[in-house]
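Since the structure comes first, as structure tokens, the remarks are kept for the end.
Each value in this text was obtained by applying a stated rule to the coordinates, not by laboratory testing. Model, not experiment: these values are computed from the prediction. Note that we place each Cβ from the backbone using ideal geometry, even for glycine, and neighbour counts take in every protein chain shown.
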Amino acid sequence: MNFNKKNIDYDKIQRMKALKYLEHYPQNIKTQIHQLLASEKLDKYLLKNYPKAHDIKSDKALYSYTMDFKNSYLKKSLPLSKVIYDGKINVINDALGLHTIISRVQGGKLKSKNEIRVATVFKNCPEEFLRMIVVHELSHIKEKNHDKAFYKLCTYIEPKYHQYELDLRIYLTYLDKYGKLYF
Ligand SMILES: [Zn+2]
């Protein structure tokens, strides 16, 4: 077998691997991000649009941040008992946050409560990215599946939901390749 090493563009393979957070996007968007990666301009792009990290660092602060959204947009939905940062969520497996409904029988009645967990990596990121995750998980209280109704609710709460998700994924790509961006 004739195996010619020179034909393999290792740099390109690295860039392809770096796009694992962006697999679901159309080719034209991936191409643009390839170009940003190749020209080493991801940091400039991110910092220009999102100059600083939020200061919602504790679980208590995260809970009241989330409750503000819930009270404004989902007031009548099931109660939210807990919102925490969770270091066990693996962002590589595509979970950025988790929404859990805990049901149990109490006094002959079925009681449900909601919990939201946010991957710890979002403790240090722009507020817009945290907002996108919180809006996503809150929307699951009403809409269980990732369908039209679900995304309609997400974009109703945050009109720039899709832009923030894309930029969040670009941020994760940056973190993997270069490490910390916000200090
Ligand atoms: Zn979801």
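For this structure, a couple of remarks:
- Degrees, to the nearest 10: 161-178 long Cα axis against longest axis of the chain: 50 degrees
- Degrees, to the nearest 10: 127-142 long Cα axis against longest axis of the chain: 50 degrees
- Computed across the chain, the Kirkwood radius stands at 18.1 Å (inverse of mean 1/r, all Cα pairs).
- Residue (of Pro159, Met67, Ile133) at the positive-pole extreme of the chain, dipole from beta-carbon charges: Met67
- Mean sequence separation of contacting Cα pairs (under 8 Å, at least six apart), scaled by the length of the stretch 43-183, corresponds to a relative contact order of 25 percent.
- Those lysines that a straight Cα-Cα span of less than 27 Å connects to Lys113, excepting residues fewer than 8 apart in one chain: Lys57, Lys60, Lys70, Lys75, Lys76, Lys82, Lys88, Lys123, Lys142, Lys144, Lys148, Lys152
- Placing dummy labels 7 Å off each Cα toward the beta-carbon, the span from Ala149 to Glu23 is 2.8 nm.
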